[in-house]
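Student: I have a structure I would like to understand better, so I am pasting it below and will then ask my questions one at a time.
Each reported figure results from applying straightforward, stated rules to the coordinates on display, with no laboratory input. These figures come from a predicted structure and were not determined experimentally. Cβ placement follows ideal geometry from the backbone for every residue including glycine, while neighbour counts extend to all protein chains displayed.
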Amino acid sequence: MIAALKTFTDRLLGRGEATITVPSFDGALKPNQILEKAEIVGQFDAPEDLATDGKTLYIADGMALLRLDGTATAELRRFDRPITALCCLPDGGIAVALDGREVQVFASPSAPSPTLTFSDSTMMAINALTPGPGQTLIATDGSTSRPYRQWVHDLMDRGRTGRVLVLDLESRSIRTLASGLGYAFGVCASGSDLFVSESWRHRVIALGADGSQRTVLEHLPVYPSRLSPAASGGFWLTAFTARTQLVEFVLRENAYRRRMMTEIDPEYWIAPKLKSGQSFLEPMQGAHIKTMGVVKPWAPPRSYGLVIRLDAEGVPLYAVHSRVDGVNHGVVAAVEMDGSLFAIAKGPGRLLRMRLAGIEQELRA
Amino acid sequence: MSDDIILALRKATKLYAGVPAIENVDFELRRGEIHALVGENGAGKSTLTKVMAGVVALTSGKMEVDGVEATPRTPLEARHLGIAMVFQENSLVPTMTVAQNLFLGQEKFYNRLRGIYIAAQQFLQSLNFDVTPTATVGMLGAAKKQMVEIARAVLHEAKVIIFDEPTATLTPEEKKYFFDLVRDLKRRGVSIVFISHALEEALVLADRITVLRDGKHVVTDDAAKFDRARIVQAMVGRDLSNTLYGLRKNSVRPAGARVLTVQNLKMAPMVKNNSLSVFAGQITGVFGLVGAGRTETFKVVAGVLKRDFFHGGEVILHGKPVRYRVPAPAVRAGIAYVTEDRKVEGFFETMSVARNIYLGLLAKLPGGRFFLSSREADQVGKSWVERLKVRATGNDIKVVELSGGNQQKVVIAKSLVQEPDLIIFDEPTRGVDVGAIVEIHELIQRLADEGKAVVMISSYLPEIMALSDRILVSRQGKVVEEFSALDATEEKIMYAAVH
């Protein structure tokens, strides 16, 4: 009864759970145009994830596994389902998640067949892989109710079924390390802990070996996605879009949301997108408008591009942005290799490269 | 005596309980000149001007007006001599209208209110003052109150007008307007004495500058022969080359953990959808013109003001949403707010230094204390007086008896005794002398070095640029721009604050 009253008053007064606010991009997240101005290495149909063994960059593009040779790409393998996650293993092997439902481990990127296959009926949206302690592979399963391609449906369902799975390469068993996460979408080892990004809760948590959770970074103004290690310590955290008050509002309006999901084409939902500006039918938040034909870069974004550099403790050091008026939106993966940061902007289907020295120089300027 | 001299003080000495506030001071004011009086707090500037305005009488020495010895014993007598003073804390009656204040003390037996309003309107227009004569003074801003004070002085046909810190509460635009006004008064033949801690103002506006130190006259010279360094040297009698102003930063402190997040905060009509973050181990400077909503935002954070009742936004401290309706829980949560208006909100002026600081500690304790310990109060007070170098003759001295800089240190000590994580300094050096400014700046830097999250709200750009690691610019109720101290310039900051 008291809880119901509290819900009612919160909704009336705009407090508690009904507070419709978003954090600002400030401090280390101060906007710039570095990601927008990044070098375009290649254009792909459906780029999804990146992996590197320190020498070679591997790209998951739809059903194809590609290798970057200079500025050209070579197809290593083609699967029967789209790749949803990719990672290089310390022993030279490579692991891929297919359609979010199966993980295959290969002895080498060019090996003809997988040495191991993990498949479980509960696997629904495996979206990130990383080597774990010992002979294990860590996977994040965004949702157990919606497939990977329906991530926006999971957000609108207010999904809280994300999991972190430990795939044991020796015993071939699967263990759930954490569950009930708000779309787990990215994992990376940090000492004895695992850093996991939770997109719908806009935070990064640290998971202990026993499954204990600790919040590392929260109240992000974005939907965080994959994590990868930085060469000089710390991490790269990507974010596929930014939060807006309009979406936060819709997420609290259950009846409206249900009706929108039933009656409106998902393309035009009031929901975050990986790219925008494609149609005049797209819903807009007030102020998300053009002035004299130019989109205001500070307008509430429908899509956005961001990579955040975190230190070893998860404190943001700086970020590279593609703002509302930019194109390189929907960043879902970033890895560091040879003094450069490679990132996938899934919105326009681009592989981008930024030299780290150039980033630091630009931030200093 | 030269005809050129309208007012002079010869060997002026004023003792308070045997202690000289001014000692053997010689001062001359020329006809139609603007004369700046500068010095540290406690240098004797206010006493000197109060002697001229008839507020206090000299212990020895003499005062001459137009070459004739004069000893005004009250402000009214001084006014009859043509001397008017515009005080720092204005002397207007807040519940009366502008016109009523202008003619206060000059009422006739039968007053026709409409006639007063018309006369006031004509007079204000002749001075080109945009003030409505029917407005209640309490509803006016600081600049407009200042205008009414000045208008009253001019109305009384003052030949000498003394301004005590006239620009302390004015915005940059209002300052420019004030400077034009003072120059206009000069053209009308009025002689001006003005006290200012902003040395640039003295250099820009004054014809001559007199520097006082420890109640003694140090130097009087043409303003053109002074620069900032010479004034400071004369004021403090020591080298203050370590002062931060004017130095370009080549490094900033890295941001630590996010301590405070303000999200879409609303407090009509001052704060409009304001969002910002404050990080540990950094000084976050907040710049903006008066009315930009800076103070109100942080007063909401500290529980001094309340945000809007409906959809007022969120304040997140250490990752947890908080909503303080009064300051006490904010203090207990580790937030300290050092007010901009120390005389009204900062301390109990008739209580001792030690007891004031002890009150700060009591505010931190949940439920307070039933019995207060005088010994503990003395110990706490003594410890902080030493740490912050408060120049007081004893712990039991009343705060009102301290100079502005030392009063400010007491206010700061009262907050720091609470061992806060987040310290909000609102105009920390307003009305504070140069020596104390350096000490307060060093203290602020030290707090950031110790890992505290420090917010410094200031309208003084050199201070913002010298201290801040990151600079937030506020305009019309929200933060509109953020600069790193490395790439900020005065032009960029001011542009963001205005446009």
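Student: In units of 2.2 N^0.38 Å, what is the alpha-carbon radius of gyration of segment B:258-498? Working shown, then result.
Tutor: Details: Rg = 17.5 Å, N = 241, 2.2 N^0.38 = 17.7 Å.
Its radius of gyration relative to the 2.2 N^0.38 Å reference: 0.99.
Student: Could you work out the pair-distance distribution P(r) of segment B:5-236 from its alpha-carbon pairs, with 10 angstrom bin width and percents rounded to whole numbers?
Tutor: In order of increasing distance, the bins hold 8, 33, 35, 19, 5, 0 percent.
Student: What is the antiparallel percent of DSSP beta bridges lying wholly in the protein assembly as shown, to the nearest 5?
Tutor: Numbers: 137 of 173 bridges.
That works out to approximately 80 percent antiparallel.
Student: Roughly how big is the protein assembly as shown's charge dipole about its Cα centre, with Cβ charges of +1 (Lys, Arg) and -1 (Asp, Glu), in debye to the nearest 20?
Tutor: Numbers: 103 positive and 97 negative charges, 375 e Å.
Rounded to the nearest 20 debye, it is 1800 debye.
Student: Once amide H atoms are placed 1.01 Å from N in the peptide plane, what residues at a sequence separation of 5 or more from residue A:190, or on another chain, have their amide H within under 5 Å of its amide H?
Tutor: Here A:195 satisfy the definition.
Student: If you don't mind, another one. Test of understanding: given chain A, find the longest segment containing no trypsin sites (Lys or Arg not before Pro) that are in a DSSP loop and have at most 15 other Cβ atoms within 10 Å. Walk me through the intermediate numbers first.
Tutor: Working: sites that count: A:37, A:55, A:158, A:172.
Answer from the scan: A:173-365.
Student: Any idea what the dipole of segment A:26-364 comes to, in debye rounded to 20, about its Cα centre with Lys/Arg Cβ at +1 and Asp/Glu Cβ at -1?
Tutor: Values: 36 positive and 37 negative charges, 169 e Å.
Here segment A:26-364 has a charge dipole of around 820 debye.
Student: Okay, next question. Add -39500 (n - 2.57) for each DSSP H run of 4 or more in chain B, then divide by its residues: what number comes out at 222 nm, to the nearest 500 deg cm²/dmol? If you can, show how the numbers build up before the last one.
Tutor: Working: 16 runs with 164 residues, N = 499.
So the calculated ellipticity at 222 nm is -9500 deg cm²/dmol.
Student: Right, next: Calculated FRET efficiency, residue B:318 and residue B:109, Cβ-Cβ r, R0 51 Å, to nearest 0.05?
Tutor: Values: r = 67 Å, r/R0 = 1.31.
About 0.15, to the nearest 0.05.
Student: Please arrange B:231, A:2 by counting, for each residue, the other beta carbons lying within 10 Å of its beta carbon, fewest first.
Tutor: Fewest to most other Cβ atoms nearby, the residues stand as A:2, B:231.
Student: Determine the distance separating the Cα centre of segment B:301-344 from the Cα centre of segment A:259-273; give it in Å without decimals.
Tutor: If we compute the Cα centre of each part, the gap is 39 Å.
Student: Just to confirm the filter: which chymotrypsin sites (Phe, Trp or Tyr not before Pro) across segment B:27-110 are DSSP coil and have at most 11 other Cβ within 10 angstrom of their Cβ? Before the final figure, lay out the partial values.
Tutor: On the way: sites: B:27, B:87, B:103, B:109, B:110; in loops: B:87, B:103, B:109, B:110.
Filter output for segment B:27-110: B:109, B:110.
Student: I want to verify the translational diffusion coefficient of segment A:1-157 in µm²/s; compute it with Stokes-Einstein, Rh as the Kirkwood radius over Cα pairs, at 25 °C and 0.890 mPa s. The partial results should precede the final answer.
Tutor: Numbers: Rh = 18.5 Å.
The diffusion coefficient I find is 133 µm²/s.
Student: Across the residues of A:311-317, average count of Cβ atoms on other protein chains within 10 Å? Intermediate results must be reported in sequence, preceding the final value.
Tutor: Working: counts 1, 0, 2, 1, 7, 3, 2.
Across A:311-317, the average partner-chain Cβ count within 10 Å equals 2.
Student: Check cross-link reach from residue B:216 to the lysines: straight Cα distance under 21 Å, and skip same-chain residues fewer than eight apart.
Tutor: Cα-Cα hits under 21 Å: B:11, B:14, B:45, B:50, B:62, B:225.
Student: Could you sort the peptides B:422-430, A:328-336, B:60-68, A:128-136 by per-residue average Cβ neighbour count (10 Å cutoff), highest mean leading? Show your work: numbers first, answer last.
Tutor: Values: B:422-430: 24.6, A:328-336: 26.7, B:60-68: 15.3, A:128-136: 19.7.
Top to bottom by mean Cβ count within 10 Å: A:328-336, B:422-430, A:128-136, B:60-68.
Student: May I ask you to list the lysines whose Cα is less than 27 Å away from that of residue B:320, ignoring any residue fewer than eight positions away on the same chain?
Tutor: Candidates past the 8-residue exclusion: A:6, A:30, B:266, B:272, B:299, B:306, B:364, B:414, B:452, B:478.
Student: What is the average number of partner chain Cβ atoms found within 10 Å of a Cβ in A:12-25? Spell out each step's value before the answer.
Tutor: Values: counts 2, 5, 9, 8, 3, 0, 1, 8, 5, 15, 4, 10, 11, 3.
The mean count of partner-chain Cβ atoms within 10 Å per residue comes to 6.
Student: Further, regarding this structure: Compute a Gaussian network model of chain A, connecting alpha carbons closer than 10 Å, and tell me which residue from A:268, A:58, A:148 fluctuates the most.
Tutor: A:268
Student: Next question. Using Cα pairs under 8 angstrom and six or more residues apart, how large is the relative contact order of segment A:26-364, in percent?
Tutor: Working: 902 pairs, mean separation 55.2, N = 339.
Once normalised by length, the contact order is 16 percent.
Student: Between the DSSP loop rule and a limit of at most 13 other Cβ atoms within 10 Å, which chymotrypsin sites (Phe, Trp or Tyr not before Pro) in segment B:286-373 are left?
Tutor: Working: sites: B:287, B:298, B:309, B:310, B:324, B:337, B:347, B:348, B:358, B:370, B:371; in loops: B:309, B:310, B:324, B:347, B:348, B:370, B:371.
In loop regions of segment B:286-373 (DSSP not H, G, I, E or B), the sparsely surrounded chymotrypsin sites (Phe, Trp or Tyr not before Pro) are B:309, B:310, B:348, B:370, B:371.
Student: Using only the alpha-carbon atoms of segment A:126-257, report the extent along each of the three principal axes, biggest first, to the nearest angstrom.
Tutor: Reported extents, whole Å, longest axis first: 48, 33, 24.
Student: Alpha carbon centre of segment A:131-206 versus segment B:440-482: separation in Å?
Tutor: One Cα centre to the other: 40 Å.
Student: For residue B:267, what residues show an amide H to amide H distance below 5 Å, using hydrogens built from the backbone and excluding near sequence neighbours?
Tutor: Close amide H contacts, sequence-distant or interchain: B:272, B:273, B:308.
Student: For segment A:80-86, take each phi angle, set θ = phi - 60°, evaluate the Karplus expression 6.51 cos²θ - 1.76 cosθ + 1.60, and give the result in whole Hz per residue in order, putting x for glycine and proline.
Tutor: Karplus values, whole Hz, x for Gly and Pro: 8, 9, x, 7, 10, 7, 8.
Student: Please list, short to long, the whole-number percent of alpha-carbon pairs of segment B:385-465 in consecutive 10 angstrom bins beginning at zero.
Tutor: The calculated distribution, bin by bin, is 17, 53, 27, 3.
Student: Any idea what the dipole of segment A:50-201 comes to, in debye rounded to 20, about its Cα centre with Lys/Arg Cβ at +1 and Asp/Glu Cβ at -1?
Tutor: Details: 14 positive and 16 negative charges, 57 e Å.
Its charge dipole is roughly 280 debye.
Student: Would you mind checking the tilt of helix B:113-126 against the longest principal axis of the Cα atoms of chain B, expressed as 0 to 90 degrees and rounded to 10?
Tutor: Here the helix axis deviates by roughly 90 degrees.
Student: Over the C-alpha atoms of the protein assembly as shown, what are the Rg and the largest Cα-to-Cα span, Dmax, in Å?
Tutor: Using the Cα atoms of the protein assembly as shown, the pair Rg, Dmax is 33.3, 112 Å.
Student: Let me ask something else. Based only on Cα atoms, what Rg/Rh ratio does segment B:192-345 have, Rh being taken as Kirkwood's radius?
Tutor: Working: Rg = 21.3 Å, Rh = 19.1 Å.
My calculation puts Rg/Rh at 1.11.
Student: Now, a different point. From zero up to wherever the largest Cα-Cα distance of segment B:30-138 sits, split into 5 Å bins and tell me the percent of pairs in each.
Tutor: 2, 10, 15, 18, 17, 15, 13, 8, 3, 0
Student: Residues with amide H under 5 Å of residue B:456's amide H, sequence separation 5 or more or different chain, H placed in the peptide plane at 1.01 Å from N; which?
Tutor: B:284, B:285, B:286, B:425
Student: Give the separation of the Cα centroids, segment A:296-346 to segment A:215-254, in Å.
Tutor: Centre-to-centre distance over Cα atoms comes out at 10 Å.
Student: Identify, among A:125, A:254, A:239, the residue whose Cα sits farthest towards the positive end of the charge dipole of segment A:26-364, taking +1 on the Cβ of Lys and Arg and -1 on the Cβ of Asp and Glu, with the dipole about the Cα centre.
Tutor: It is A:254, whose Cα lies furthest towards the positive end.
Student: May I ask you to list the aspartates and glutamates whose Cα is less than 12 Å away from that of residue B:398, ignoring any residue fewer than eight positions away on the same chain?
Tutor: Partners found: B:349.
Student: Here is a further query. Relative contact order for chain B using alpha-carbon pairs under 8 Å, separation at least 6, rounded to a whole percent? Write down the numbers at each step before the final one.
Tutor: Details: 1018 pairs, mean separation 76.8, N = 499.
Averaging sequence separation for qualifying contacts and normalising by length gives 15 percent for chain B.
Student: Say R0 is 41 Å: what FRET efficiency, to the nearest 0.05, do residue A:361 and residue A:172 get from their beta-carbon distance?
Tutor: Working: r = 48 Å, r/R0 = 1.17.
Result of the calculation: an efficiency of 0.30.
Student: What are the semi-axes of the equivalent ellipsoid for chain A, taken as the square roots of 5 times the Cα gyration tensor eigenvalues, largest first, in whole Å?
Tutor: Details: eigenvalues 191, 125, 79 Å².
Taking √(5λ) for each Cα gyration eigenvalue gives 31, 25, 20 Å.
Student: Let me ask something else. Would you mind checking the tilt of helix B:404-416 against the longest principal axis of the Cα atoms of chain B, expressed as 0 to 90 degrees and rounded to 10?
Tutor: So the helix axis and the longest Cα principal axis differ by about 10 degrees.
Student: Shifting gears a bit: What is the helix-to-structure angle for B:434-449, meaning the angle in degrees between its Cα long axis and the longest Cα principal axis of chain B, kept from 0 to 90 and rounded to the nearest 10?
Tutor: Tilt relative to chain B: about 10 degrees.
Student: Under 8 Å for C-alpha pairs, at least 6 residues apart: give me the relative contact order for segment A:1-129, rounded to a whole percent.
Tutor: On the way: 218 pairs, mean separation 17.5, N = 129.
Relative CO of segment A:1-129 lands at 14 percent.
Student: I need the calculated FRET efficiency for the pair residue B:30 and residue A:231, taking r as the beta carbon distance and R₀ as 60 Å, to the nearest 0.05. Display every interim value, and only then the final one.
Tutor: Working: r = 71 Å, r/R0 = 1.18.
With R0 = 60 Å, the Cβ-Cβ based efficiency is 0.25.
Student: Ok, one more. With N denoting the number of residues in segment A:106-176, provide Rg(C-alpha) divided by 2.2 N^0.38 Å, to two decimal places.
Tutor: Details: Rg = 13.6 Å, N = 71, 2.2 N^0.38 = 11.1 Å.
So the Cα radius of gyration is 1.22 times the expected 2.2 N^0.38 Å.
Student: OK, next. Starting at the first residue of segment B:174-182, write each ³J(HN,Hα) from the Karplus equation 6.51 cos²θ - 1.76 cosθ + 1.60 with θ = phi - 60°, in whole Hz, x for Gly and Pro.
Tutor: Whole-Hz 3J(HN,Hα) from phi for segment B:174-182: 5, 4, 4, 5, 5, 4, 4, 5, 4.
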